[in-house]
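Read the structure below first, then the notes.
The values are calculated or read from the model by the stated rules, or taken from the named source; none is laboratory data. Fair warning: this is a prediction, and the values are worked out from it, not measured in the lab. Heads up, the Cβs are rebuilt from the backbone with ideal geometry, glycines too, and the neighbour counts pull from every protein chain shown.
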């Protein structure tokens, strides 16, 4: 195992596995979540976050630090990308609901700290594409969000 930019790199005959296991544990310690109960999903089903509302405001420095750490972790954790990018929309107007959602992602990381990305060695590559549309899913601006992802596998 070697380390590169805080990422743990494991090389084998199957391919290359990249993770940030130690960084994930450091994040849990930094935000006092190392003893939390793990959850099975990073975002609660049907959760809608908005910039408006009657929620109590939270410390922006603390929230920004937390979201920044989570953004760095997404380099090897595509499973948390949606939730973290959703939270990053509210850096300027963070409230208790946003902090609660961020802590849920930390609880998810607690149970999946060893997750990472596996680049398998293969002789043939195949291109796979995925798309998704969220019709007026944002409660703040009611914009349509379309996503396209292409991968070589």
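Some observations on this one:
- Residue tally, condition part of a loop (DSSP other than H, G, I, E, B) and without any contact (Cβ under 8 Å) to a residue 24 or more places away in the chain, over region 35-69: 5
- The lone exception for residue 116 - which of (1) within 23 Å of residue 9 (Cβ to Cβ); (2) surrounded by 14 or more Cβ atoms within 10 Å (Cβ to Cβ); (3) touching a residue at least 12 places away in the same chain (Cβ under 8 Å); (4) in contact with a helix residue (DSSP H, G or I) (Cβ under 6 Å, 6 or more places away or on another chain) it fails: (4)
- Checked against the criterion of being surrounded by fewer than 13 Cβ atoms within 10 Å (Cβ to Cβ) and touching a strand residue (DSSP E or B) at 6+ places or on another chain (Cβ under 9 Å), region 24-35 contains not a single residue that satisfies it.
- Test result for residue 99, under 17 Å from the mean Cα position of the chain (by Cα), within 17 Å of residue 114 (Cα to Cα), assigned to a helix (DSSP H, G or I) and modelled with pLDDT of 90 or more: no
- The residues listed here are 94, 36; of these, the one that is over 24 Å from residue 115 (Cβ atoms) and in contact with a helix residue (DSSP H, G or I) (Cβ under 7 Å, 6 or more places away or on another chain) is 94.
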